[in-house]
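Below you'll find the structure, written out as structure tokens, and then a few comments.
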């Protein structure tokens, strides 16, 4: 099923007699959804772009590359730096803006500017009863009542089928540099990243690659400002060792897309934790590969089997992004949160037809 209009989509939902598996570009098959494929590939196009107002509206099936090209032509960008899952998962196709929103896909810059969810202005979607619902608008702070914009962002298509999204975009930057420390162990690297993040120098990326022995801090902005802040931040980092300065932007694309694990066999887990907890958890994980992002708040692990069983109880979430381990893909929810989530799904999708099994 590939509807080309919102009304056609609503009619298909009403007529559905079984589960529906919602598909955007098919590039990030995370989760275990079942059902007949319902593709948004026919619902494409930028419907509004106002560079002066930093606002863009697009249909859910619009390829992300089309969005980024339109923004680049106006020297603008998606500030939250969405990951391209094709690198890690070996998938083909084209990521879509609807899929990005449904999964709340965000990259290294999240620590500085926020996630995809924080840039959302409005959504249109079809719920499980076939109703077309609009929430939000085209400016920030335009939501009254329930904030369905935030609710739909990151819901993985379990509450409704997104048809159109509106979001805030940001100006591009003049230049960027990366400060690099060599040879730190994980605990020292996390401490160095914490020192950088608590400085006033506006770090927009903080990552650590133990295999390469590199701890990386990114600065962006006007050239004169970046030059000044780089020198000042190097002083902050001096207790952790000598600081090199590099201007290769591909460093952050590789961190964003977890390129280091792309051609390596095994399960890939995404661990979201308090940065100071990360090194001890990594030590328990027995991983063959580790990448720290978000100053240690996000850890990518290459390891097989049940990671959660090895870690035991911990404050955070472990998601199986790639692999075949016989465990729930998403972190099991505590009973009160699970009850709230079930209540929301019952309200928005009373027949339980949208992406069943996705969050299990």
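When the chain is fully extended, how far beyond the present Cα-Cα distance does residue 346 get from residue 34, taking 0.36 nm per residue of separation?
Computed gain between residue 346 and residue 34 is 110.5 nm.
First measure r as the distance between the Cβ atoms of residue 91 and residue 259, then evaluate 1/(1 + (r/R0)^6) with R0 = 22 Å and state the FRET efficiency to the nearest 0.05.
After rounding, the FRET efficiency stands at 0.95.
Per residue of the chain, what 222 nm ellipticity follows from adding -39500 (n - 2.57) for every DSSP H run with n ≥ 4, rounded to the nearest 500?
The helix contribution divided over the chain gives -7500 deg cm²/dmol.
Considering only DSSP beta bridges whose two residues both sit in the chain, what percent are antiparallel, to the nearest 5?
90 percent
How far apart, in nanometres, would the label points at residue 339 and residue 194 be if each is projected 7 angstrom from Cα along the Cα-to-Cβ direction?
A separation of 3.6 nm, rounded to one decimal place.
How far apart, in nanometres, would the label points at residue 315 and residue 174 be if each is projected 7 angstrom from Cα along the Cα-to-Cβ direction?
4.1 nm
What relative contact order, as a whole-number percentage, does region 96-236 give when Cα pairs under 8 Å and 6 or more residues apart are counted?
This gives 24 percent for region 96-236.
Could you please rank 168, 347, placing first whichever residue has the fewest other Cβ atoms within 10 Å of its Cβ?
Least crowded to most crowded, the residues run 347, 168.
Given the Cα-Cα distance of residue 2 and residue 326 and 0.36 nm per residue of separation, how much length would full extension add, in nm?
113.5 nm
Order these by the 10 Å Cβ neighbour count, fewest first: 292, 228.
By the 10 Å Cβ count, ascending: 228, 292.
Express the relative contact order of region 6-171 as a whole percentage, based on alpha carbon pairs under 8 Å and six or more residues apart in sequence.
In percent, rounded to a whole number, it is 26.
Take every Cα pair under 8 Å in the chain that's 6+ residues apart, average their separations, divide by the length, and report that relative contact order as a whole percent.
Dividing the mean separation by the residue count of the chain yields 19 percent.
Taking the simple approach of a point 7 Å from Cα along Cα-to-Cβ for both residue 211 and residue 53, what is their distance in nm?
Spacing of the two 7 Å Cα→Cβ label points: 4.6 nm.
Read-outs throughout are calculated quantities, based only on the coordinates presented, and are distinct from any laboratory measurement. Keep in mind that what you see is a predicted model, and the values were worked out from it rather than measured. With ideal geometry, Cβ positions are generated from the backbone for all residues, glycine too; neighbour counts draw on all protein chains shown.
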